[in-house]
1. Of the conditions (1) open to solvent by less than 70 Å² (accessible area, probe 1.4 Å); (2) at pLDDT below 90, Pro389 satisfies every one except a single condition; which number is it?
2. Give me the helices (runs of 4 or more DSSP H) completely within the stretch 282-351, filtered to those with at least 2 residues that are free of Cβ contacts under 8 Å to residues at least 60 places away in the same chain and exposed (fewer than 15 other Cβ atoms within 10 Å of the Cβ), ordered by residue number.
3. List the pairs whose first member sits in the stretch 241-269 and is more than 21 Å from His230 (Cβ to Cβ), whose second member is loosely packed, with under 11 Cβ neighbours inside 10 Å, and whose Cβ atoms are under 8 Å apart, counting only residues at least 6 apart or on separate chains?
4. Asn258 passes all but one of (1) in contact with a strand residue (DSSP E or B) (Cβ under 7 Å, 6 or more places away or on another chain); (2) open to solvent by 20 Å² or more (accessible area, probe 1.4 Å); (3) polar (S, T, N, Q); which number fails?
5. Could you say whether any residue in the stretch 286-306 is of a type in the set (Asp, Glu) and touching a Phe, Trp or Tyr at 6+ places or on another chain (Cβ under 8 Å)?
6. Restricting to the stretch 352-368, name every residue that is crowded, with 20+ Cβ neighbours inside 10 Å and not aliphatic (A, V, I, L, M).
7. Just the residues that are charged (D, E, K, R) and either modelled with pLDDT of 90 or more or surrounded by 14 or more Cβ atoms within 10 Å (Cβ to Cβ) (or both), please, taken from the stretch 402-425.
8. Need the failing condition index for Phe371 against (1) open to solvent by less than 40 Å² (accessible area, probe 1.4 Å); (2) without any contact (Cβ under 8 Å) to a residue 60 or more places away in the chain, just the number.
Amino acid sequence: MASFVGQLIECNLLNHELVRLHLIKPLTTHHVTTHTYAVPNEPAKVRAHAIHQLFLIAGDTLLRGLLESEDVRVCIEILDAQVPRPGGTDAFSAEKLQALREVHATWLKQKNEEGQKDTVETEEREREEEGEVAAEIFRGVETPVALAPQDLSTTIDIGISSPIFQGIESFSDTSTDDRTTTTSSPTLSISTVSDLTSTELDEDIGEERIPAHHEMFYLEDGNVEIVCGHTIFRVHSPIVSFSSPNLRGILSPSTLLNAPTPEGCPRIVFEDSAEDFAVLLKMIYTPGFPARHKVPEFTTFTSLLRMATKYGFSNVREGLVEDLKGAYPTKWEDFETAKVLGENVFGSPKPHPNAVLNLFLEQRIKFALPFAAYRAALGGFSSLVSNEPGVALPRLTLATIIYSMEKIRHEMVRASHWIVYKRNLRVCPQKACSLNVGINPIERRMEVLKKVFDFMVDKSKGDMLSPLSLGDLVCVNCARPLEDIYLGCRKSFVWFGLPSLLGAGGSGKVFES
């Protein structure tokens, strides 16, 4: 457990406080209740022994992720005061305490060296910046006439107190023949205005991007304009708000009466993205969209679900969620008969399973979360920890999935060992079977059993819920009972363990609606 947490710390998957809560506190409690030298009324001693135990389990990896050097120093002082026995065989011995002391000394040395290196690099960087600033102070700045406003002078007076450009403060009148920029007590000068992009110039001058009319949903006979980002929709408020009490309140007659009318029509600004709102309008204005009992592609599904939830289109939301249940089953019987599973239910292009899990977490589709987390875990570690936009999972969710999935896989390996070796498979009378002792000696039979076990172990590294077939290793009569037992194990250990992937305990009541 400690080694695993140490790896999560190195991968930046767990932060300081989470591990203190879930590892330091339980270990401290363990020392209070099980060790005679840990006194409940002396928390400093209890903590010292807990820190020492962590070091024995996982080396200094865990200590570096959890503790300051001062914590380890106090730990050593407390343990020294208890006079550990030289050559002791228990965890609390002089030799093992000395190992902790040496790690602490190395740790401090490395920390001091890193601090000195950072100081030197900072000083060098500051000297370089000062040299660049001094050189820039006396360097003339030419302003291309093409980029300078025609009603302003080409001479710029700049006063900047930071190395980061903070904007042009003032324009002063000078002779139009003099193209050289003069400065008045600056700390930094700018090379030329041509270094600025058109976007930067617009932002500095305060210009705003002009919203554009949406190609499909700017209806000339509409009675209200809705602005989403840089897109203007013109629609009919009675139609848009007919099935939505939320929109009826927003687009009420009194609101439209008091709204600005820059283009002769009341205009209201929404916080939604233009893409999401366009999908909402398509649902309102287009009969038969979305199609019932057919899940649209993921981007459209996401927009529909968010908009239907936000604006109270309850029938639409219920229909979308209902269409997911076949691909994210909540009963074992439904899982076995499902034709399509997980993210495969969405149209092309198929979404990343992490993105689906994030959407279900955001929209609180609880019944689908366990199976969605399992599908995300099947992508492997690199896919699970992806940082792509919309794909990155919350840290706590990610750590819980990784830890619980490893526990489930471990249980399946133990079950596979019991299936193969503990059932004491009898000699098979079929001459073509690898377990026929008449053809193979006992050593050969053990080799066959090992191949069966290795096959099951490899199976546990992938999709553990998919069927197991041993027909290529042993005869059908020998394979069938093994496969049947494996089926029961995957139901007990995998299916009923899915809620643990998101922190819920595994039980018969697996999925929450």
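1. Just one mismatch for Pro389, condition (1).
2. Working: elements: 298-310, 314-324, 332-337.
In the stretch 282-351, the matching helices (runs of 4 or more DSSP H) lie at 314-324, 332-337.
3. That search, which allows pairs on different chains as well, returns Ser243/Asn315.
4. Of everything listed in (1) in contact with a strand residue (DSSP E or B) (Cβ under 7 Å, 6 or more places away or on another chain); (2) open to solvent by 20 Å² or more (accessible area, probe 1.4 Å); (3) polar (S, T, N, Q), Asn258 misses just condition (1).
5. Yes, the stretch 286-306 has at least one match.
6. Pro353, Asn354, Asn358, Phe360
7. Filtering the stretch 402-425 down to residues charged (D, E, K, R) leaves 406-407, 409, 411, 414, 422-423.
Within the stretch 402-425, Glu406, Lys407, Arg409, Glu411, Arg414 qualify.
8. Phe371 satisfies every listed condition except (2).
The values are calculated or read from the model by the stated rules, or taken from the named source; none is laboratory data. Here the structure is a predicted model, which means the values were calculated and not measured. Cβ sites come from the backbone with ideal geometry, for glycine too, and all protein chains shown count toward neighbours. Keep in mind that these areas ignore ligands, DNA and RNA; they rest on the heavy atoms of the full protein, side chains included. Shrake-Rupley method; radii C 1.70, N 1.55, O 1.52, S 1.80 Å.
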